[in-house]
1. Which condition number does residue 25 fail, the rest of (1) surrounded by fewer than 16 Cβ atoms within 10 Å (Cβ to Cβ); (2) of a type in the set (Gly, Ala, Ser); (3) under 23 Å from residue 165 (Cβ atoms) being met?
2. For residues in the range 1-47 being among the aromatic types (Phe, Trp, Tyr) and in contact with a Lys or Arg (Cβ under 9 Å, 6 or more places away or on another chain), which is farthest from residue 59 (Cα to Cα)?
3. In the range 90-106, which residue that is more than 13 Å from residue 14 (Cβ to Cβ) and of a type in the set (A, V, I, L, M, F, W, C) is least open to solvent (accessible area, probe 1.4 Å)?
4. Within the range 140-156, how many residues turn out to be buried (at least 18 other Cβ atoms within 10 Å of the Cβ), closer than 18 Å to residue 114 by Cα and modelled with pLDDT of 90 or more?
5. Between a first residue in the range 34-46 that is farther than 18 Å from residue 79 by Cα and a second residue that is assigned to a strand (DSSP E or B) and open to solvent by 60 Å² or more (accessible area, probe 1.4 Å), which pairs have beta carbons less than 9 Å apart while being 6 or more apart in sequence or on different chains?
6. Can you tell me which of (1) of a type in the set (A, V, I, L, M, F, W, C); (2) touching a Phe, Trp or Tyr at 6+ places or on another chain (Cβ under 6 Å); (3) within 30 Å of residue 154 (Cβ to Cβ) is the one residue 47 doesn't meet?
Amino acid sequence: WSANDSFIQIRAGDYFSHHQHYDAGHFTAYYHQSIIADAAVYHDNYLKPSRLNFSIRTVAKNSLILIDPNEKVFPNDFFKQNINAGGQRIVSPTGSAIISTHDWLNNADTYKGAKLERFENKEGEFVFVEFDLSNSYKNSENKAKRITRQLLFLPKSQQLIVTDNINAIVDKVRAKS
């Protein structure tokens, strides 16, 4: 590493524990200092409303917010009110129910998250990644059919280009009008 190197971290993958946040597609960027970061603050009390209703959720990240006004978000008894922030599905926010690798594999659909679709790197010229984020948003039938995020980094000019593609589901009420 040199003093002029950049660091870009991209969050994506399946859910493995309650320590993960609902941030598939979120990225952070550093160049001499933090340029793009996460707005969440970790607290010593993981049942604190600010953690449950903001810090672990998609709204605290730079991932996509897709609102379904009818969505109910009560993942467990620790969530006292419906905070519908349009984010990704909340799988296990306060404790993992996974008891073994076998258990995780048998319930794999429950824990599916983002998937790396494409990665290309031409040293010194560009880095390109594409993720399918669709499974991370499957908490609502009315969000989207397919969601992808592409990131292109051009190191010579220190440019990061982000493109999101959403294959929307047509609103059934508007479709009848």
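The values are calculated or read from the model by the stated rules, or taken from the named source; none is laboratory data. What you see is a predicted model, and the numbers here were worked out from it, not measured in a lab. We place every Cβ from the backbone using ideal geometry, glycine too, and count neighbours over all the protein chains shown. To get the accessible areas, we keep the full protein, side chains included, count just its heavy atoms, and leave off ligands, DNA and RNA. Shrake-Rupley method; radii C 1.70, N 1.55, O 1.52, S 1.80 Å.
1. Every condition holds for residue 25 apart from (1).
2. Going through the qualifying residues, I end up with 15.
3. The selected residue is 90.
4. So the count comes out to 4.
5. Taking only residues 6 or more apart or on different chains, the pairs are 36/30; 37/30.
6. (3)
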